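> Next up is a structure, given as structure tokens.
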């Protein structure tokens, strides 16, 4: 019984290490999505309350609705979309590829 618990703990720890290194790398976005984010930022005004979502495979969307922006992005993406920015504040680690 103790061996099974030890094996389970090792497996959980190993999975956590992989997840941590993937998270540290951040969301990979394409240059095209980065360009769309730049266009989105240029349209913001001081009174804006906008969200920008992106995926690692090129999906993106912007909306005033925090939940809807993820749904809209997911329509054009095969990988999960994440909330990338609120107004011009980037919310997740990222890198442009």
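> Kirkwood hydrodynamic radius (Cα pairs, Å) of the stretch 22-97?
12.1
> In the stretch 35-76, if every C-alpha pair distance is counted and binned at 5 Å from zero, what percent goes to each bin?
Using 5 Å bins, I get a P(r) of 5, 25, 31, 24, 11, 3, 0 for the stretch 35-76.
> So for each of 41-52, 26-37 I average, over its residues, the number of other beta carbons within 10 Å; can you give me the resulting order with the highest mean first?
The densest-packed peptide leads the list: 26-37, 41-52.
No lab work stands behind these numbers, since they all come straight from the coordinates. These numbers come from a predicted model, not from an experiment. No Cβ is skipped: glycine too gets one built from the backbone with ideal geometry, and neighbour counts run over all protein chains shown.
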